[in-house]
1. I'm trying to understand the selection: among the residues of segment 264-294, which are among the hydrophobic types (A, V, I, L, M, F, W, C) and assigned to a strand (DSSP E or B)?
2. I'm trying to understand the selection: among the residues of segment 18-47, which are modelled with pLDDT under 90, part of a loop (DSSP other than H, G, I, E, B) and not hydroxyl-bearing (S, T, Y)?
3. Right, D209: under 17 Å from the mean Cα position of the chain (by Cα) and charged (D, E, K, R) or not?
4. Could you please let me know if A52 is closer than 24 Å to D280 by Cβ, under 32 Å from the mean Cα position of the chain (by Cα) and modelled with pLDDT of 85 or more?
5. Considering segment 235-294 alone, what residues qualify as being small (G, A, S) and over 15 Å from the mean Cα position of the chain (by Cα)?
6. So which residues in segment 245-280 are under 26 Å from K55 (Cα atoms), open to solvent by 40 Å² or more (accessible area, probe 1.4 Å) and of a type in the set (S, T, N, Q)?
7. I'm trying to understand the selection: among the residues of segment 12-54, which are under 23 Å from K240 (Cα atoms), out of contact with any Gly (no Cβ under 8 Å at 6 or more places or on another chain), open to solvent by 10 Å² or more (accessible area, probe 1.4 Å) and touching a residue at least 40 places away in the same chain (Cβ under 8 Å)?
8. How about segment 221-236: which of its residues are open to solvent by less than 20 Å² (accessible area, probe 1.4 Å) and either farther than 22 Å from Q282 by Cα or not hydroxyl-bearing (S, T, Y) (or both)?
Amino acid sequence: MTELGRRLKEAREAKGMSLSDVQETTKIQKRYLEGIEEGTYDIMPGKFYVRAFIKQYAEAVGLNAEQLFEEFKSEVPSSNEDEVPLRPTGAALSEQKTRVDASKPVRESSKWLDYLPKLLVGAFIIGAIALVYVLIPKSGSESDPAVEEEVQVEEPQTEKPAVEETPATEEKPAEEEQAEPAKPAAPAQTLSAVSTSGRQTVYELSGADKLEIAVASKGETWIEITDGSGKSYFSGMLAKGQTQTHNMTGQKEAKIKVGFAPDTVITVNGQALAYKLPADSQVLQDIIIRPKAQ
């Protein structure tokens, strides 16, 4: 057991808390808490998570995490975003599937060549039947010219009443359409990235009268939500399917630290935020959302 682990264990026992109690408070799995006390950090997902877990453990038992890091800095591994575990992105599987499917068009084209002669014969037969069908009615209609003349003479008499009635029915809807006033369109919300620096991206929110932040997890990720004044709304792990929603209307900005971007979905007033930095290559990201004054 390390000196840091001994200090945390003594503080926990002084508060009368078990490891299960700390797990319930921090949402950190019990085996990771035991690893912190024993100093077996190799069971952690990565060095970044070691510092995050120790900080949450210390706050749960009433210790100052920054003082612990300074006092036992030789025992705590430094965080390095390059060591955060990356999940498979599926690029290799997609490339392999593309190579396998590349041979399909060749086989399909050979099948079409086999059926081409039959299709040409079928098209020729259908064309011949259509030609005969078109020519037969013409020869029969030429022997009765008197019938066509009678139809042409009677057609003008039946059309006159229809022409006189149509103007009266079309004028009334036109007057009703002109009387309706045009309704102005409501301004749409826009969320756009305005700057990036390192792993930080600043987004500008315009056309919105509120600021509601929701962070959801598709797998397992660590997040921290604060506002421009430094007030903390949440800090900890999110398991698959869990969501943190906070109304930050009136704040100058909202800050979200993301531990694993591929599994983290951020929405602002119901609109999904598109990562400016690719989530697969930059898993650790700092997101800042600033509402634009109306």
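The values are calculated or read from the model by the stated rules, or taken from the named source; none is laboratory data. Everything numeric here is computed off the predicted structure, so don't read it as measured data. Every residue, glycine among them, receives a Cβ derived from its backbone with ideal geometry; neighbour counts consider all protein chains shown. With ligands, DNA and RNA removed, areas are computed over all heavy atoms of the protein, side chains included. Shrake-Rupley method; radii C 1.70, N 1.55, O 1.52, S 1.80 Å.
1. Answer for segment 264-294, where residues must be among the hydrophobic types (A, V, I, L, M, F, W, C) and assigned to a strand (DSSP E or B): V265, I266, V268, A272, I287, I288, I289.
2. Once the filter is applied, which keeps residues that are modelled with pLDDT under 90, part of a loop (DSSP other than H, G, I, E, B) and not hydroxyl-bearing (S, T, Y), segment 18-47 yields G39, M44, P45, G46.
3. Numbers: under 17 Å from the mean Cα position of the chain (by Cα): no; charged (D, E, K, R): yes.
It is false that D209 is under 17 Å from the mean Cα position of the chain (by Cα) and charged (D, E, K, R).
4. Details: closer than 24 Å to D280 by Cβ: yes; under 32 Å from the mean Cα position of the chain (by Cα): yes; modelled with pLDDT of 85 or more: yes.
For A52, the condition - closer than 24 Å to D280 by Cβ, under 32 Å from the mean Cα position of the chain (by Cα) and modelled with pLDDT of 85 or more - is met.
5. Once the filter is applied, which keeps residues that are small (G, A, S) and over 15 Å from the mean Cα position of the chain (by Cα), segment 235-294 yields S235, G236, A239, G250, A254, G259, S281, A293.
6. Selection gives T245, N247.
7. Matches in segment 12-54: P45 only.
8. Passing the criteria: I223, I225, D227, G236.
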